[in-house]
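Q: Sharing a structure below in structure tokens format, with a few things to ask.
Just so it is clear, none of the values below were taken in a lab; they were calculated from the coordinates. The model shown is predicted, which means the values in this text are computed figures rather than measured ones. A quick note on method: Cβ atoms are made from the backbone with ideal geometry, for glycine too, and the neighbour counts reach across all protein chains shown.
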Amino acid sequence: MKKIIVTGGLGFIGSNLIDLLLKKKFFVINIDKATYSSNYYNVKNFKDSKKYKFIKLDIKNKNIKNILFKYKPFGVFNLAAETHVDRSIDNPDSFIQSNIVGVYNLLESFKHFSKKYKSKLIHISTDEVYGDILTGRSHEKYPYLPSSPYAASKAASDHLVSSYVRTYDLPAIVTNCSNNYGPKQHPEKLIPKLIYNILNNKPLPIYGKGTNSREWIYVEDHCEALIKVLLKGKIGEFYNIGSNKNLSNLQVTRELLINSKKLIKLGDKVKINFVKDRPGHDIRYALNSNKIKTKLGWRPKTNFSEGIKLTLDWYFENKSYYKSLSKKDIMKRLGKA
């Protein structure tokens with residue numbers, strides 16, 4: 001049975017990826033330092049599986065190398081990262097430490113390991129490294145122009161990985177994905193925050209005029225792409241992973257309201273509430289994902305209408321998920337600078 005290491009596996013994308021890997025008969029080692037955005041609720045359905053092992057550890061810890069040599073993974077997915085733009089505005093330090101220093105330590109450890117054992121490192125990044133894409137769609141050769149400390153820290157980590165491929169022949173690949181949504185996502189992010197407020201009869205805060213546009217992909221489609229990259233991706237390459245479907249924040253909110261009405265009676269306070277925009281807020285992200293489609297044969301399967309219904313169903317059926325989180329982390333406005 002092939003072994004896979006997933007860093008950040010208590011988080012949103014990481015836990016969904018582990019779920020899919022287990023279904024595909026891999027043995028998975030989950031390495032996570034268990035921060036505010038990590039959640040043991042996310043792994044409750046497979047935590048007792050004989051094909052699953054959890055190790056509480058920061059990727060900055062030198063023991064990463066020992067774990068690699070102990071388990072000899074077929075592949076490593078690096079999802080350990082600080083990811084919330086608003087938090088990076090308030091406190092960039094944790095983003096520099098996790099997203100740059102942590103990745104450096106992981107690369108150093110994997111460098112020694114990969115000299116003796118055949119393996120691949122898949123470093124998961126974001127479309128935010130490209131900055132504002134006002135027209136068209138950003139391809140893999142598009143220049144990086146990050147706007148926030150978060151995006152800059154991810155851009156730096158991408159460059160680090162690329163440099164290790166060039167200098168040390170490290171068997172690594174970088175993926176840049178669009179906005180994910182789906183089950184198990186922390187409500188500091190737009191869609192689960194709106195769902196929480198809908199469930200609790202609270203106003204729906206939307207930055208600015210709600211015109212900021214994002215490309216949305218259902219998390220399981222992203223995870224399928226990541227496994228495809230591990231199995232078929234070419235060392236040293238970058239792969240954009242997106243749905244080619246853009247929606248404004250206002251459109252997303254309205255779609256949620258339409259579908260929520262089919263499930264519950266909405267409270268009288270559940271109304272769109274425009275709030276002051278965050279500093280440096282990019283207007284539009286949009287990826288050109290033709291490369292992964294043509295080279296690896298991957299395509300997203302879930303359209304937004306279907307995906308948002310699946311997402312709502314999960315949160316409505318797992319209301320206790322919100323109870324496992326700090327209310328302050330759900331409700332407090334961040335990123336005012």
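Q: What are the aspartates and glutamates whose alpha-carbon lies under 17 Å from the alpha-carbon of K271, with same-chain residues fewer than 8 places away excluded?
A: Reachable aspartates and glutamates: E255.
Q: Which GluC sites (Glu not before Pro) from the stretch 188-238 combine a DSSP loop assignment with at most 14 other Cβ atoms within 10 Å?
A: Counting only loop positions with at most 14 other Cβ atoms within 10 Å, none of the GluC sites (Glu not before Pro) in the stretch 188-238 qualifies.
Q: Length gain on complete extension for the stretch E108 to N318, per 0.36 nm per residue less the alpha carbon to alpha carbon distance?
A: Gain on extension, E108 to N318, equals 71.7 nm.
Q: Right, next: In the stretch 194-337, what % of DSSP beta bridges are antiparallel (nearest 5)?
A: Taking every DSSP beta bridge within the stretch 194-337, about 40 percent pair in antiparallel fashion.
Q: Would you mind computing, in nm to one decimal, how far apart the modelled labels at M1 and K70 are, each placed 7 Å from Cα along Cα→Cβ?
A: Placing both labels 7 Å along Cα→Cβ, they lie 1.7 nm apart.
Q: Further question on the same structure: Taking R0 as 22 Å, what's the FRET efficiency between Y36 and K276 from their Cβ-Cβ distance, rounded to 0.05?
A: 0.40
Q: What is the list of residues in the stretch 287-324 whose amide nitrogen lies under 14 Å from a point 7 angstrom out from the Cα of K234, following Cα to Cβ?
A: 291-297
Q: Using a Cα distance threshold of under 26 Å, what count of lysine pairs results for the stretch 119-207 when pairs must be 8 or more residues apart or interchain?
A: Within the stretch 119-207, the lysine pair count is 10.
Q: What's the extension gain from D132 to Q251 if we count 0.36 nm per residue and subtract their Cα-Cα distance?
A: So the chain would gain 40.9 nm between D132 and Q251.
Q: Between I330 and R299, what is the FRET efficiency for a Förster distance of 35 Å, r being their Cβ-Cβ separation, to the nearest 0.05?
A: Calculated transfer efficiency: 0.55.
Q: What percent do you get for the relative contact order of the stretch 208-299 when only Cα pairs under 8 Å and 6+ apart count?
A: 50 percent.
Q: Using a Gaussian network model on the chain with a 10 Å cutoff between Cα atoms, which of G233, G11, G280 fluctuates the most?
A: Of the options given, G280 has the highest mean-square fluctuation.
Q: Looking at the stretch 118-217, I'd like the Rg to Rh ratio, where Rg is from alpha-carbon atoms and Rh is Kirkwood's inverse mean 1/r.
A: My calculation of the ratio gives 1.06.
Q: Continuing with this model, one more query. Please identify which residues in the stretch 13-39 have an amide N closer than 16 Å to a label point set 7 Å out from the Cα of K51, following the Cα→Cβ vector.
A: Hits in the stretch 13-39 for K51 at 16 Å: 15-30.
Q: How do 171-180, 257-266, 296-305 rank on mean C-beta neighbours within 10 Å, highest first?
A: Final packing ranking: 171-180, 296-305, 257-266.
Q: Hey, with R₀ at 45 Å, roughly what FRET efficiency would K23 and N200 work out to, going by the Cβ-Cβ distance, to 0.05?
A: 0.85
Q: Measuring from centroid to centroid over Cα atoms, what is the spacing of the stretch 119-156 and the stretch 275-323 in Å?
A: 17 Å
Q: Could you go through the stretch 227-241 in sequence order and give the Karplus-derived ³J(HN,Hα) for each residue, using 6.51 cos²θ - 1.76 cosθ + 1.60 with θ = phi - 60°, rounded to whole Hz, and x for Gly and Pro?
A: Values per residue, Gly and Pro as x: 5, 4, 5, 4, 7, 10, x, 8, 3, x, 8, 10, 10, 7, 10 Hz.
Q: Shifting gears a bit: How would you classify the stretch 16-90 from its alpha-carbon gyration tensor, with a ≥ b ≥ c the square roots of the eigenvalues: rounded for a/c under 1.5, else prolate if a/b is greater than b/c, otherwise oblate?
A: It comes out oblate by the Cα gyration axes.
Q: Let's see if you can work this out: charge +1 on each Lys and Arg Cβ, -1 on each Asp and Glu Cβ, no other charges. What is the dipole magnitude of the stretch 158-256 about its Cα centre, in debye to the nearest 20?
A: 300 debye
Q: Given +1 on the Cβ of Lys and Arg, -1 on the Cβ of Asp and Glu, and no further charges, what dipole in debye does the chain carry about its Cα centre, rounded to the nearest 20?
A: Dipole about the Cα centre, nearest 20: 1000 debye.
Q: Classify the stretch 229-314 as rounded, prolate or oblate, taking a ≥ b ≥ c as the square roots of the eigenvalues of its Cα gyration tensor: rounded when a/c is under 1.5, otherwise prolate if a/b is larger than b/c and oblate if not.
A: oblate
Q: Okay, next question. In whole Å, how far is the Cα centre of the stretch 181-216 from that of the stretch 13-71?
A: Each part reduced to its Cα centre gives a spacing of 27 Å.
Q: Two decimals is fine: what is log10 I(q)/I(0) at q = 0.08 Å⁻¹ for the chain, from a Debye sum with one equal scatterer on every Cα and no solvent?
A: Results for the chain at q = 0.08 Å⁻¹ read -0.35.
Q: If contacts are Cα pairs under 8 angstrom and at least 6 residues apart, what is the relative contact order of the chain in percent?
A: The value is 19 percent.
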